[in-house]
Amino acid sequence: MEAKTLVAYYCVMQFVYPGFLFALFSISIPIIIHLFNFRRYKKIVFSDIRFLKQVIEKNQKQQNIKNWLVLLCRVLAISFLVIAFAQPYLPYQENKSLEKDKTVSIFVDNSFSMSAMGKEGELLETAKNKARQIVDVYKSDCQFQLLSNDFEGKHQRLVNKQDFLNMLDEIKLSASSKNISQILSQQSQALSQNNSERISYIISDFQEKQLNVANYELDSSLLVKFIPIEAEKQQNIFIDSAWLLTPLVKPNSPVTIKVRLRNESDEKSENLPLVLTINNVQKGLQNFTCDSHSYVDIDLTFTCGTEAFQNAELSIIDNPITFDDKLYFTISPSYKAEVLIINDKKDNAFLNQVLKVDGYYQSSIQNIKQLDFSSFKNKQLIILNEPENISSGLIEELKKQVLNGGYLLIIPPSNSFQIQGLNVLASALSNIQYADLTKQELKINMINTQDDLFKGVFNKLPQNMDAPSLFAYYPLSISSSTRGSEIFSLNNGATFIFKSNVGKGKIFYAASPFSDEFSSFQKHAFFVPFILKIALGKQIATELFYTIGQDKVVKFKSESDDKMGYISKDKFEMVADIKNNQDDKTIFVDDQIKEAGSYQIKGDKSKMLAATSFNYNRVESYMGNLTNSNLGKIIPSAEIIKEDISTMKKKIEMEEYGTSFWKYALFAALAFVLLEMLLLRLMK
């Protein structure tokens with residue numbers, strides 16, 4: 001800061017303890033002693049004083065000079081001693097007084113990005129050292145709040161200087177990350193406990209993705225000071241995310257996982273190894289190259305084992321930021337797909353035959369007149385094959401099944417006189433109606449390969465494809481408000497099979513029965529993948545992994561009816577309630593999970609129910625930090641302190657307490673005492 005600017009900040013000298021100035025009256029003591037010298041003179045008889053007269057006159061003048069100098073030294077020594085106790089200072093800012101009480105809140109950023117290295121070592125340790133120096137500036141009776149990203153309960157109260165330093169030593173790197181709005185809100189709330197001058201310090205690397213002050217109104221009485229800390233090199237290579245290319249994982253089958261890796265460095269990374277481990281056994285290894293400030297997607301293929309829960313880990317090697325070098329996920333293979341076929345008058349041999357091609361599919365058959373509604377619960381797909389008589393109870397059960405995520409295939413009856421009964425069901429589910437039977441020979445000329453149903457089934461359809469024929473059908477009347485899409489259509493533009501999205505489930509409406517007198521679709525190559533894909537239907541998808549601090553609820557599948565459960569990993573264990581839904585179970589973890597890794601979910605009898613994985617949030621992996629100019633735009637009134645630790649301490653001392661002169665006054669008092677002693681000794 002320029003000298004002119006500094007001078008402008010200073011104002012009239014003030015005193016920390018002006019009451020001590022009354023002690024200046026004590027200078028009257030040496031003055032009184034000097035004026036009233038009570039020393040008695042002794043008479044000495046001389047025979048002749050003619051020879052002493054000249055000497056006496058000369059010594060008398062010297063003695064008077066000496067006495068006045070000693071008096072001056074004593075007066076000045078007492079004066080400067082009194083001024084030293086009054087502690088004079090020049091305030092740094094106008095109208096700022098040291099007599100005001102101060103309450104100070106210091107936020108120390110302990111997020112994972114603070115594990116980077118700066119000029120003074122690890123950023124977190126640098127931040128803690130700066131916090132110590134700030135606290136050291138203030139008086140011992142000042143109250144402090146220590147805040148970190150964890151927002152712990154003990155950090156919500158005001159403490160003295162020693163307790164603050166003790167808690168500061170305990171701060172470690174954390175998976176939590178808070179934005180500026182949250183930090184300032186917590187500080188303002190804690191500091192409002194005292195009616196004093198409130199000061200906020202925020203020590204952080206100030207990442208761009210972390211800062212968010214939208215819709216936040218700053219407390220005008222809060223004095224905010226930003227202390228940015230920078231890493232020497234902005235570099236980090238990390239595993240961003242991963243996902244399976246197929247939602248269904250079958251045991252002893254190949255599985256492909258796609259892994260996204262990011263390079264947040266200024267240099268290109270080349271031939272770095274990516275390792276896949278499942279149940280502590282290495283299953284894959286692939287080198288990757290990634291340009292600077294970019295990402296790359298890598299495919300890893302492995303064979304899924306037969307274990308019910310398989311804990312997997314993806315890992316790379318990158319320093320110094322390592323929290324995001326591993327990504328944990330859990331695979332739970334699906335061992336069966338249960339299908340229920342509801343017949344009315346006759347079986348459909350084509351359906352039965354397709355569902356027997358793979359032991360993975362387990363089909364059961366019931367007659368529409370003898371239904372067991374309790375068996376609907378775990379079925380991935382229910383096929384309603386040519387129903388003629390549909391009860392209201394069946395309509396309600398099918399509706400409940402679909403709304404909760406089930407798949408339903410409706411095949412109209414061969415008897416066209418019974419179509420009205422089916423319309424009652426169709427209108428109750430998704431406002432679709434079957435028109436009267438139309439006899440016309442047509443071709444199925446379009447298949448919606450872009451639908452999720454056929455992902456990975458067809459790469460490309462031939463132009464001169466031998467399409468299945470249709471001899472008679474019920475035209476589908478589909479309301480414009482119906483959510484869904486065509487799966488197969490006819491060459492006259494009509495719909496052959498329509499997929500309707502209802503609740504969490506899906507309903508497939510076929511325009512004709514799957515029999516030889518109506519079509520050849522059931523004999524065509526399209527029929528097999530269509531039935532097998534929708535038979536996978538209501539799979540309760542478990543998350544590959546969860547994110548710490550972001551996901552509060554874990555979903556899992558289990559046949560157990562336990563209402564109390566445990567989530568455990570190594571020495572960690574937490575108790576939580578299990579909520580039993582119709583198709584899955586949930587357990588509430590809130591913010592109790594702090595460490596990334598694979599966790600076990602157990603029931604109240606310590607029986608293994610499921611497994612899941614948690615990973616650290618990747619928001620701290622992005623190394624873009626705000627510049628000082630951009631930081632100043634967040635809160636324009638905030639001060640930015642960017643000096644090193646020692647300079648920062650001196651700057652804060654000057655800002656908070658101005659320029660102090662008590663030491664100089666004390667030295668001056670000692671100097672005048674010493675000068676007095678020299679005068680008494682040397683001036684004879």
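For the pair LEU666 and ILE29, a Förster radius of 22 Å applied to the C-beta separation gives a FRET efficiency near 0.65, rounded to the nearest 0.05.
Which of the chymotrypsin sites (Phe, Trp or Tyr not before Pro) found in segment 324-360 are loop residues per DSSP with 12 or fewer other Cβ atoms within 10 Å of their Cβ?
The qualifying sites are TYR335.
Quick one: what do you get for segment 237-334 if you divide its Cα Rg by 2.2 N^0.38 Å? Relative to the rule-of-thumb radius for its length, segment 237-334 sits at 1.10. By other beta-carbon atoms within 10 Å, ranking SER391, SER414, SER480 with the fewest at the front produces SER480, SER391, SER414. Rounded to the nearest 0.05, the FRET efficiency derived from the C-beta distance between LYS563 and GLN592 at R0 = 22 Å is 0.75.
Using DSSP to call loops (not H, G, I, E or B), can you name the trypsin sites (Lys or Arg not before Pro) in segment 478-522 whose Cβ has at most 15 other Cβ atoms within 10 angstrom? Loop-located and lightly packed - ARG483, LYS504.
From the helices alone, meaning DSSP H stretches of at least four residues, give me the mean residue ellipticity at 222 nm for the chain, per-run term -39500 (n - 2.57), in deg cm²/dmol to the nearest 500.
-7500 deg cm²/dmol
Length available on full extension from MET13 to ASN252: 0.36 nm per residue minus the Cα-Cα distance, which gives 77.6 nm.
Annotation for GLN440 and SER646: the two label points, set 7 Å from Cα along the Cα-Cβ direction, are 9.3 nm apart. Residues PHE80, PHE20, ranked from the fewest to the most other C-beta atoms within 10 Å, line up as PHE20, PHE80. One decimal place: the segment ARG157-GLN133 gains 6.6 nm when fully extended, by the rule 0.36 nm per residue minus the C-alpha distance.
Considering only beta bridges that DSSP places wholly inside the chain, some 65 percent are antiparallel. Near the amide H of ASP240, within less than 5 Å, lie the amide hydrogens of ARG260, LEU261, ARG262, all on another chain or at least 5 residues away, with H placed in the peptide plane. Measuring nothing but how far apart in sequence close Cα pairs (under 8 Å, 6+ apart) lie, relative to its length, the chain scores a relative contact order of 15 percent.
For segment 337-535, what does the relative contact order come out to in percent, with C-alpha contacts under 8 Å and a separation of six or more? Relative contact order for segment 337-535 comes out at 23 percent. Under the simplified labelling scheme, the GLN189-ALA308 pair shows an inter-label distance of 4.2 nm, with each label point 7 Å from Cα along Cα→Cβ.
For the chain, how big is Rg over Rh, using alpha carbon atoms and the Kirkwood form of Rh?
1.28
For segment 337-535, the convex hull drawn through the C-alpha positions has a volume of 116 cubic angstrom per residue.
Stretching the chain fully between GLN234 and ASP266 yields a gain of 10.8 nm (0.36 nm per residue, less the alpha carbon separation). Close amide H partners of VAL249, meaning residues 5 or more places away or on another chain with modelled amide H under 5 Å apart, are SER334.
Values in this text are rule-based calculations from the coordinates and carry no lab data. The structure displayed is predicted, hence computed values, not measured ones. Quick reminder, even Gly has a Cβ in these numbers, built from the backbone with ideal geometry, and neighbours come from all protein chains shown.
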